Amino acid sequence: MSFKKLLAYQKGFDLAMDIFHLTKEFPKSEQFLLTSQMVRSSRAVCSAIAEAY
């Protein structure tokens, strides 16, 4: 079984994609500060689940 089949990973990945698409609508002034931090932290969740598996 792969970590990609874990429900926690799937939900984390879906949430990360939602955050990625949502942050594209943020104002340009937030593109490099708040947006990058949100995207990196959402990716970190999936990375941690995969590493722990």
Exercise. For helix 7-23, report the angle its Cα long axis makes with the longest principal axis of the Cα atoms of the chain; keep it between 0 and 90° and round to the nearest 10°.
Key: 10 degrees
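Which of the GluC sites (Glu not before Pro) found in the chain are loop residues per DSSP with 11 or fewer other Cβ atoms within 10 Å of their Cβ?
The qualifying sites are Glu25.
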Self-check item: Leu22-Ser2 pseudo-label distance in nm [points 7 Å out on the Cα-to-Cβ vector]
Solution: 2.7 nm
Quiz item: Once you charge only the Cβ atoms, +1 for Lys and Arg and -1 for Asp and Glu, what is the size of the charge dipole of the chain about its Cα centre, to the nearest 20 debye?
Solution: 120 debye
Exercise. Determine the relative contact order of the chain: mean sequence separation of Cα pairs under 8 Å and six or more apart, normalised by residue count, in whole percent.
Key: 51 percent
Quiz item: Per the helix-only calculation at 222 nm, which mean residue ellipticity applies to the chain, given -39500 (n - 2.57) for every DSSP H run of n ≥ 4 and division by its residues, nearest 500 deg cm²/dmol?
Solution: -23000 deg cm²/dmol
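Values quoted throughout were computed directly from the atomic coordinates according to the rules given, and no laboratory measurement underlies them. Only a predicted model underlies this, so the values are computations on that prediction, with no experimental measurement involved. We place every Cβ from the backbone using ideal geometry, glycine too, and count neighbours over all the protein chains shown.
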